[in-house]
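The structure appears right after this line, and notes come after that.
The values are calculated or read from the model by the stated rules, or taken from the named source; none is laboratory data. Everything numeric in this text was worked out from a predicted model, so none of it was measured. Here Cβ is always computed from backbone atoms with ideal geometry, including for glycine, and neighbour counts include all displayed protein chains. We work out accessible area using only protein heavy atoms, side chains counted, and drop any ligands, DNA or RNA first. Shrake-Rupley method; radii C 1.70, N 1.55, O 1.52, S 1.80 Å.
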Amino acid sequence: MNIFLVTDETGRERWVAVEDTIAQRLYVYVANTGAFHRNDAVGVDYYADQRLNYEPIGADRAAAKIAEGLGRIDEGNAGWLADRYRRDRSARSVESVLGTPA
């Protein structure tokens, strides 16, 4: 498993992401749910497009970014997305991914 701090082209931090290297999928931490969720758009970017930046980080830094609230979806603009993640039955807990509680 690889852990990344994902930033956009302006340097804005967007996600804490983890790569499931066996399944070749990326999961992003969503603060609204307190869990990691599969994000196919980020996965396509990571494996093909590379428009975002993926800085490898450790579990401690990932936990710190999560504690700061990184990965919060603005429900006023994208409430549908937050709702979709809330319905995700395959979400992964922070503890199962990072080995530490949020």
Subject >> Residue among Asn77, Asn53, Asn39 with the largest mean-square fluctuation in a Gaussian network model of the chain, springs linking Cα atoms under 10 Å >> reply: Asn77
Subject >> trypsin sites (Lys or Arg not before Pro) lying in DSSP loop within the stretch 4-102, provided at most 14 other Cβ fall within 10 Å >> reply: Arg12, Arg51, Arg72, Arg87, Arg89
Original post:
Counting pairs of alpha carbon atoms under 8 Å apart in space and at least six apart in sequence, what relative contact order in percent does the stretch 3-73 give?
Top reply: 39
Original post:
Rounded to the nearest whole Å², what accessible area per residue is found for the chain with the 1.4 Å probe?
Top reply: 58
**OP:** Determine the relative contact order of the stretch 36-99: mean sequence separation of Cα pairs under 8 Å and six or more apart, normalised by residue count, in whole percent.
**Re:** 53
**OP:** Pick out, from His37, Phe4, Ile57, the residue whose Cα sits farthest towards the positive end of the charge dipole of the stretch 1-68, with +1 on the Cβ of Lys and Arg and -1 on the Cβ of Asp and Glu.
**Re:** His37
Subject >> Sum of side-chain charges, Thr7 neighbourhood, beta-carbon under 13 Å (Lys, Arg +1; Asp, Glu -1) >> reply: -1
Original post:
In the chain, carbon and sulfur make up what percent of the accessible area (probe 1.4 Å)?
Top reply: 44
**OP:** Quick one: grab the alpha carbon gyration tensor of the stretch 35-93, order the square roots of its eigenvalues as a ≥ b ≥ c, and give me rounded if a/c is under 1.5, else prolate or oblate depending on whether a/b is larger than b/c.
**Re:** oblate
**OP:** Determine the calculated [θ] at 222 nm for the chain from helices alone, applying -39500 (n - 2.57) to every DSSP H run no shorter than 4 residues and normalising by the residue count; nearest 500 deg cm²/dmol.
**Re:** -8500 deg cm²/dmol
**OP:** Convert each backbone phi in the stretch 64-72 into a coupling constant with the Karplus relation 6.51 cos²θ - 1.76 cosθ + 1.60 (shift: θ = phi - 60°), then list the ³J(HN,Hα) values in order as whole Hz, x for Gly and Pro.
**Re:** 5, 5, 5, 4, 6, x, 4, x, 7
**OP:** Using a/c under 1.5 as the rounded threshold, could you call the chain rounded, prolate or oblate? The axes a ≥ b ≥ c are square roots of the C-alpha gyration tensor eigenvalues, and prolate needs a/b larger than b/c, oblate otherwise.
**Re:** rounded
Original post:
What ³J(HN,Hα) values, in whole Hz, does the Karplus curve 6.51 cos²θ - 1.76 cosθ + 1.60 give for the stretch 24-31 when θ = phi - 60°, with x put for Gly and Pro?
Top reply: 6, 9, 10, 10, 10, 7, 10, 4
